[in-house]
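Have a look at the structure below before the remarks.
The values are calculated or read from the model by the stated rules, or taken from the named source; none is laboratory data. All values derive from a computational prediction rather than experimental measurement. With ideal geometry, Cβ positions are generated from the backbone for all residues, glycine too; neighbour counts draw on all protein chains shown. When the accessible area is computed, the model is the full protein with side chains, heavy atoms only, and any ligands, DNA or RNA have been set aside. Shrake-Rupley method; radii C 1.70, N 1.55, O 1.52, S 1.80 Å.
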Amino acid sequence: MNLINNFVLRYVRVIELVGVLMRIFSFSLVSWMGDQSPFLFVWSLNTLDALILSWTAVLKKDRAYTILNIFWIGVGIIGILRATGIL
């Protein structure tokens, strides 16, 4: 695990940028497509970017962004469950 964490810390700026671009893209799809949005894809992408951004925030010891992105993981899981019809 230390090897992976060291890799993430070495490339943290690029990894965070990818996470932020994923979030922008997922919310842009909803804005552009409205009710025609592929909601399962959007929520899956949003949850994945929240995992990425949470991981980088934890490694950087950034409590505010850790809490924010863990919140988004929860929102994403609920969104996935709603998009699949489980909730």
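What the table shows:
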item	result
Among (1) open to solvent by 30 Å² or more (accessible area, probe 1.4 Å); (2) free of Cβ contacts under 8 Å to residues at least 24 places away in the same chain; (3) within 23 Å of L87 (Cα to Cα), the one test that S37 misses	(1)
Hits in segment 44-71 (condition: part of a helix (DSSP H, G or I) and either in contact (Cβ under 8 Å) with a residue 60 or more places away in the chain or open to solvent by 60 Å² or more (accessible area, probe 1.4 Å) (or both))	L48, L51, W55, V58, R63, A64, Y65, I67, L68, I70, F71
Options V30, V42; residue that is within 18 Å of N69 (Cβ to Cβ) and of a type in the set (V, I, T)	V42
